[in-house]
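Inspection log for the structure reproduced underneath, given as C-alpha coordinates.
The values are calculated or read from the model by the stated rules, or taken from the named source; none is laboratory data. None of these values were measured; they are calculated from a predicted model. Accessible surface is based on the protein model in full, side chains and every heavy atom, while ligands, DNA and RNA are left aside. Shrake-Rupley method; radii C 1.70, N 1.55, O 1.52, S 1.80 Å.
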Amino acid sequence: MIIVGLLVLVAAAVGLLAINVMNSRAASQRVVEERAAAEQAEADREAAEQQAAAELAALQRLIPTAATLCGLPAGVVQDGGASIFLDTAGNSSDSGDLSIEQAACVLHALDIPDAIRNQMNSTTAFSGVQSSSWGPFEATWSYNPSQGLDVIIKRTQ
(Lines give C-alpha, C1' and ligand atoms only; values in the text may rest on other atoms or scores of the structure.)
Protein backbone atom coordinates (compact mmCIF):
# COMPACT_ATOMS: atom_id res chain seq x y z
CA MET A 1 0.00 0.00 0.00
CA ILE A 2 2.79 2.37 0.84
CA ILE A 3 4.42 1.57 -2.49
CA VAL A 4 1.19 2.27 -4.34
CA GLY A 5 0.85 5.56 -2.46
CA LEU A 6 4.44 6.48 -3.35
CA LEU A 7 3.84 5.58 -6.97
CA VAL A 8 0.73 7.78 -7.02
CA LEU A 9 2.72 10.60 -5.43
CA VAL A 10 5.56 10.19 -7.95
CA ALA A 11 3.08 10.08 -10.83
CA ALA A 12 1.39 13.23 -9.55
CA ALA A 13 4.75 14.96 -9.16
CA VAL A 14 5.80 13.94 -12.67
CA GLY A 15 2.44 15.14 -13.99
CA LEU A 16 2.78 18.50 -12.22
CA LEU A 17 6.33 18.81 -13.50
CA ALA A 18 5.17 18.06 -17.05
CA ILE A 19 2.38 20.64 -16.73
CA ASN A 20 4.85 23.23 -15.41
CA VAL A 21 7.26 22.51 -18.27
CA MET A 22 4.44 22.88 -20.83
CA ASN A 23 3.22 26.10 -19.19
CA SER A 24 6.77 27.44 -19.14
CA ARG A 25 7.23 26.62 -22.83
CA ALA A 26 3.89 28.24 -23.69
CA ALA A 27 4.82 31.35 -21.69
CA SER A 28 8.22 31.50 -23.41
CA GLN A 29 6.52 31.15 -26.80
CA ARG A 30 4.11 33.97 -25.93
CA VAL A 31 7.04 36.21 -24.93
CA VAL A 32 8.81 35.42 -28.19
CA GLU A 33 5.64 36.09 -30.21
CA GLU A 34 4.94 39.34 -28.36
CA ARG A 35 8.53 40.51 -28.88
CA ALA A 36 8.32 39.64 -32.59
CA ALA A 37 4.98 41.50 -32.88
CA ALA A 38 6.46 44.55 -31.14
CA GLU A 39 9.50 44.50 -33.42
CA GLN A 40 7.25 44.19 -36.49
CA ALA A 41 5.07 47.07 -35.27
CA GLU A 42 8.19 49.22 -34.80
CA ALA A 43 9.46 48.29 -38.27
CA ASP A 44 6.02 49.12 -39.75
CA ARG A 45 5.99 52.48 -37.94
CA GLU A 46 9.48 53.33 -39.22
CA ALA A 47 8.50 52.32 -42.76
CA ALA A 48 5.38 54.48 -42.57
CA GLU A 49 7.45 57.44 -41.34
CA GLN A 50 9.92 56.96 -44.18
CA GLN A 51 7.07 56.73 -46.70
CA ALA A 52 5.47 59.90 -45.31
CA ALA A 53 8.81 61.73 -45.48
CA ALA A 54 9.32 60.61 -49.09
CA GLU A 55 5.79 61.72 -50.03
CA LEU A 56 6.33 65.11 -48.37
CA ALA A 57 9.65 65.56 -50.19
CA ALA A 58 7.97 64.73 -53.50
CA LEU A 59 5.14 67.15 -52.73
CA GLN A 60 7.63 69.89 -51.90
CA ARG A 61 9.25 69.46 -55.32
CA LEU A 62 6.04 69.70 -57.39
CA ILE A 63 5.91 73.47 -57.85
CA PRO A 64 9.64 73.99 -58.52
CA THR A 65 9.65 71.03 -60.93
CA ALA A 66 6.63 72.40 -62.82
CA ALA A 67 8.31 75.81 -63.13
CA THR A 68 11.51 74.25 -64.45
CA LEU A 69 9.69 71.99 -66.92
CA CYS A 70 7.79 74.99 -68.27
CA GLY A 71 10.88 77.19 -68.60
CA LEU A 72 9.80 79.83 -66.08
CA PRO A 73 12.26 82.26 -64.51
CA ALA A 74 13.43 81.45 -60.98
CA GLY A 75 11.61 84.37 -59.33
CA VAL A 76 8.14 82.97 -59.93
CA VAL A 77 8.67 80.16 -57.41
CA GLN A 78 8.34 81.59 -53.93
CA ASP A 79 8.13 80.57 -50.27
CA GLY A 80 10.85 77.95 -50.62
CA GLY A 81 8.95 76.15 -53.37
CA ALA A 82 5.57 76.24 -51.60
CA SER A 83 4.00 78.78 -53.98
CA ILE A 84 4.24 80.18 -57.48
CA PHE A 85 3.13 83.49 -58.97
CA LEU A 86 2.09 83.31 -62.62
CA ASP A 87 2.00 86.93 -63.81
CA THR A 88 1.02 86.82 -67.49
CA ALA A 89 1.42 89.65 -69.96
CA GLY A 90 -1.42 92.08 -70.48
CA ASN A 91 -1.83 95.24 -72.57
CA SER A 92 -0.09 97.47 -70.01
CA SER A 93 3.68 97.85 -69.95
CA ASP A 94 3.76 97.14 -66.20
CA SER A 95 2.00 93.79 -66.52
CA GLY A 96 3.78 90.47 -66.16
CA ASP A 97 5.90 88.85 -68.80
CA LEU A 98 4.80 85.21 -68.78
CA SER A 99 2.84 83.88 -71.71
CA ILE A 100 -0.53 82.21 -71.32
CA GLU A 101 1.14 79.07 -72.69
CA GLN A 102 3.70 79.09 -69.86
CA ALA A 103 0.95 79.53 -67.27
CA ALA A 104 -1.08 76.75 -68.90
CA CYS A 105 2.01 74.51 -68.85
CA VAL A 106 2.40 74.97 -65.08
CA LEU A 107 -1.30 74.38 -64.47
CA HIS A 108 -1.13 71.20 -66.53
CA ALA A 109 2.03 70.05 -64.70
CA LEU A 110 0.25 70.57 -61.37
CA ASP A 111 -2.69 68.50 -62.66
CA ILE A 112 -5.34 71.22 -62.34
CA PRO A 113 -8.84 69.82 -62.89
CA ASP A 114 -10.65 70.85 -66.05
CA ALA A 115 -13.42 72.51 -64.04
CA ILE A 116 -10.98 74.92 -62.40
CA ARG A 117 -9.18 75.56 -65.70
CA ASN A 118 -12.57 76.42 -67.20
CA GLN A 119 -13.29 78.78 -64.30
CA MET A 120 -10.00 80.56 -65.01
CA ASN A 121 -10.77 80.76 -68.73
CA SER A 122 -14.15 82.34 -68.05
CA THR A 123 -12.86 84.94 -65.56
CA THR A 124 -13.41 88.51 -66.73
CA ALA A 125 -12.25 91.88 -65.47
CA PHE A 126 -15.56 92.16 -63.59
CA SER A 127 -15.18 88.79 -61.81
CA GLY A 128 -12.78 90.00 -59.15
CA VAL A 129 -10.41 87.61 -57.43
CA GLN A 130 -11.46 83.99 -57.79
CA SER A 131 -10.20 80.96 -55.90
CA SER A 132 -10.41 77.19 -55.87
CA SER A 133 -8.43 74.22 -54.63
CA TRP A 134 -7.52 70.72 -55.74
CA GLY A 135 -5.34 68.03 -54.25
CA PRO A 136 -2.57 69.70 -52.26
CA PHE A 137 -3.02 73.09 -53.98
CA GLU A 138 -5.05 76.26 -53.62
CA ALA A 139 -5.18 78.84 -56.41
CA THR A 140 -6.35 82.44 -56.51
CA TRP A 141 -6.53 84.39 -59.74
CA SER A 142 -7.78 87.51 -61.41
CA TYR A 143 -7.87 88.80 -64.96
CA ASN A 144 -8.11 92.09 -66.72
CA PRO A 145 -6.88 93.00 -70.18
CA SER A 146 -4.30 95.52 -68.99
CA GLN A 147 -2.68 93.25 -66.37
CA GLY A 148 -3.34 89.84 -67.91
CA LEU A 149 -4.08 86.72 -65.93
CA ASP A 150 -2.45 86.65 -62.50
CA VAL A 151 -2.48 83.29 -60.71
CA ILE A 152 -1.06 82.45 -57.29
CA ILE A 153 -0.83 78.77 -56.49
CA LYS A 154 0.22 77.60 -53.05
CA ARG A 155 0.75 74.20 -51.58
CA THR A 156 -1.63 73.57 -48.69
CA GLN A 157 -0.01 70.41 -47.34
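Ligands, DNA and RNA excluded, the heavy atoms of VAL14 present near 90 Å² of accessible surface to a 1.4 Å solvent probe. When Rg and the Kirkwood radius Rh are both evaluated on Cα atoms of the stretch 33-133, their ratio Rg/Rh stands at 1.23. Oblate is the label for the stretch 75-130, because the ratio a/c of its alpha-carbon gyration tensor axes (a ≥ b ≥ c) is 1.5 or higher and a/b is not greater than b/c. In this structure ASP111 has an accessible area near 120 Å², from a 1.4 Å probe over the protein heavy atoms.
Mind jotting down the distance between the C-alpha centroids of the stretch 9-44 and the stretch 111-147, whole Å? Between the Cα centres of the stretch 111-147 and the stretch 9-44 lies a distance of 66 Å. Rolling a 1.4 angstrom probe over the protein heavy atoms with all chains in place gives the chain an accessible area of 66 Å² per residue.
The helix-only estimate of mean residue ellipticity at 222 nm for the chain, built from DSSP H runs of length n ≥ 4 each weighted as -39500 (n - 2.57), is -19500 deg cm²/dmol after division by the residue total. Here the accessible area is traced with a 1.4 Å probe on the protein chains. For the chain, carbon and sulfur cover 59 percent of it.
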